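Notes for the one structure printed next.
FYI, it's all coordinate maths here, none of it is from the lab. Every value quoted in this text rests on a predicted model; they were computed, and no experiment measured them. Note that each Cβ is placed from the backbone with ideal geometry, even for glycine, and that neighbours are counted across all protein chains shown.
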Amino acid sequence: MLKREEKRNNNEIILVTSNEHKYMELNEIAKEYNISLKWVNIPKPEIQSDDLQDIVRFSAVVLYNQLKSPLIVEDSGLFIEALNGFPGPYTNYVRRTIGLEGVLKLMQGVKNRKAYFSTVMCYISESDLKIFEGRVYGKISSEIRGEGGFGFDPIFIPDGEDRTFAEMRIEEKNKYSHRSNAFKKFIDYYLYRKVS
């Protein structure tokens, strides 16, 4: 039997993010599982940390105390092997400051283009706090490619592909993406392990 607070109409879940693209990607997956994803666009409190798990755990607890409703938050980072994992948890800051061109400049002449994207997602309710991680491995392209996507999508090529994330439709990106990987782990937990 589901706990009282977990009785929802249509399996509605709150996603707190200021990024509409993230909502659109996750909503595509949620619909497949008959889950209603409610987008709440409010500032997400963050701490400075080298660990994505610490960042999302802190955000989730503060937001839960504010909204008093089960929710998920996520944070993602691009980790480039030749740059010792940079920008990692500072991906958003790096995107806003030096941008795609800046990262490509740092990678000029670098043969090792290996990188991975990581998403860490936190689900919190009155009785639960669970972390889910998704990763996708690939490489940094030599140029900006594609009109779609957001963030570092135009310079990231997942393994098994010759296109950047920005050259893919949402449904195609979701087959590979770190964010969809983490979200599917959450859905598996939420739908199939909630019964007590």
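Report, in deg cm²/dmol and to the nearest 500, the calculated mean residue ellipticity at 222 nm for the chain, where each DSSP H run with n ≥ 4 adds -39500 (n - 2.57) and the sum is divided by the residue count. Mind dumping the intermediate values first?
Working: 6 runs with 66 residues, N = 196.
The helix contribution divided over the chain gives -10000 deg cm²/dmol.
The H on the amide N of Leu71, modeled in the peptide plane, is under 5 Å from the matching H of Ile124, each at least 5 residues off or on a different chain. Under a cut-off of 17 Å between alpha-carbon atoms, report the aspartates and glutamates in cross-link reach of Lys105, not counting same-chain residues fewer than 8 places apart. List returned: Glu81, Glu143, Asp153.
Any of Lys111/Lys184; Lys111/Lys173; Lys114/Lys184 with alpha carbons more than 31 Å apart? Name them for me.
Numbers: Lys111/Lys184 33 Å; Lys111/Lys173 25 Å; Lys114/Lys184 25 Å.
The pairs that break the limit, which is 31 Å between Cα atoms, are Lys111/Lys184.
Relative contact order (percent) for the chain, with alpha-carbon contacts under 8 angstrom and 6 or more residues of separation? Once divided by the residue count of the chain, the mean separation gives 19 percent. As I understand it, the dipole of the chain uses +1 on the Cβ of Lys and Arg and -1 on the Cβ of Asp and Glu, about the Cα centre. Which of Ser125, Asn27, Leu83 lies farthest toward its positive end? Comparing the listed Cα positions along the dipole, Ser125 ranks first. Explain nothing, just the number: dipole magnitude of the chain about its Cα centre with +1 on each Lys and Arg Cβ and -1 on each Asp and Glu Cβ, in debye rounded to the nearest 20. Charge dipole, the chain, about its Cα centre: 300 debye, nearest 20. Here's the list of aspartates and glutamates a cross-link from Lys130 could span, going by alpha-carbon distance under 17 Å and ignoring same-chain residues fewer than 8 apart: Glu5, Glu6, Asp51, Asp54, Glu74, Asp75, Asp188.
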